[in-house]
Amino acid sequence: MHTKKLRFRFNAIAMTAFAPLLLPALCGCSGSNNLLLGRVQAQVGDHLVVVTDCYRSSAPPPRMLARADHAPPAYEYVPCRDARIEIRGTALVVNGVRYMDLASGDRIVVDHGVVSINDRPAVPARTAPGTAGVSAG
C-alpha cells in the first residue's frame with residue numbers, strides 16, 4: 001500500500017513538472033501563435049503586429065505587396081478572416097480603416113478589433129466625406 005502511495009505522488013510530481021513543456025506541443029502554440037489564447041503575431045516590415053481573438057493552429061505569413069519603382073514598401077497581413085492589416089510606407093489600414101501614421105519599429109496590436117500602437121489607442125485618420133474606409137494606396 002505504501003508503494004502505491006509513493007508511486008502516485010511521484011507521478012503527480014512528474015506530471016506537474018512536465019506539463020508546461022508538453023502543453024505548447026499539444027495546443028499548437030509557438031512564439032508567434034498561441035491557439036489557447038487566440039493570439040498570433042508576425043514581423044511585418046519593421047513592425048511587430050499582434051492579433052488577438054484569432055483561433056488558428058497556424059496563420060499565413062505577411063506578404064509584401066507589389067509597388068511602383070519609388071513607392072515605399074507595402075505589406076499585407078491577414079492572419080484571420082476578420083483581421084486584415086495593411087502597412088503601406090507609414091500608413092496603417094486595419095479592416096479598411098486608415099489609422100495614424102506609423103513610426104519605424106512601432107508595435108501594432110489588434111485586440112478584438114480595437115487597434116493600438118505602442119500600447120496606446122490608435123486614432124483613425126481624418127478622411128474626406130464619402131471616403132471612409134478607403135486607403136490612399
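The values are calculated or read from the model by the stated rules, or taken from the named source; none is laboratory data. The structure presented is a predicted model; accordingly, all values stated were derived computationally and were not measured. Using ideal geometry, Cβ is built from the backbone for each residue, glycine included, and neighbour counts are taken over all protein chains shown.
Can you tell me which of (1) modelled with pLDDT of 90 or more; (2) loosely packed, with under 15 Cβ neighbours inside 10 Å; (3) over 11 Å from the mean Cα position of the chain (by Cα) is the one Pro61 doesn't meet?
(3)
Looking at the range 83-96, is at least one residue modelled with pLDDT under 95 and in contact with a Cys (Cβ under 8 Å, 6 or more places away or on another chain)?
yes
Residue by residue through the range 74-85, note down the ones that are within 13 Å of the chain's Cα centre (by Cα) and not in a loop (DSSP other than H, G, I, E, B).
Those that are within 13 Å of the chain's Cα centre (by Cα) and not in a loop (DSSP other than H, G, I, E, B): Glu76, Tyr77, Val78, Pro79, Cys80, Ala83, Arg84, Ile85.
Could you identify the single residue in Leu23, Leu48, Leu37, Leu102 that is modelled with pLDDT under 90 and surrounded by 13 or more Cβ atoms within 10 Å (Cβ to Cβ)?
Working: Leu23 fails: surrounded by 13 or more Cβ atoms within 10 Å (Cβ to Cβ); Leu48 fails: modelled with pLDDT under 90; Leu102 fails: modelled with pLDDT under 90.
Testing whether each residue is modelled with pLDDT under 90 and surrounded by 13 or more Cβ atoms within 10 Å (Cβ to Cβ) leaves just Leu37.
Do we find a residue being at pLDDT 95 or above, touching an Asp or Glu at 6+ places or on another chain (Cβ under 9 Å) and at negative phi anywhere in the range 118-134?
Taking every residue of the range 118-134 in turn, none turns out to be at pLDDT 95 or above, touching an Asp or Glu at 6+ places or on another chain (Cβ under 9 Å) and at negative phi.
Report, by residue number, each residue of the range 95-115 that is in a strand (DSSP E or B) and either within 12 Å of the chain's Cα centre (by Cα) or outside the structural domain of Arg63 (by TED's automatic domain parsing) (or both).
Of everything in the range 95-115, those that are in a strand (DSSP E or B) and either within 12 Å of the chain's Cα centre (by Cα) or outside the structural domain of Arg63 (by TED's automatic domain parsing) (or both) turn out to be Arg107, Ile108, Val109, Val110, Asp111, Val115.
If you check Val78 against the conditions, is it of a type in the set (A, V, I, L, M) and closer than 16 Å to Val93 by Cα? Write out each step before concluding.
Working: of a type in the set (A, V, I, L, M): yes; closer than 16 Å to Val93 by Cα: yes.
Against the criterion (of a type in the set (A, V, I, L, M) and closer than 16 Å to Val93 by Cα), Val78 qualifies.
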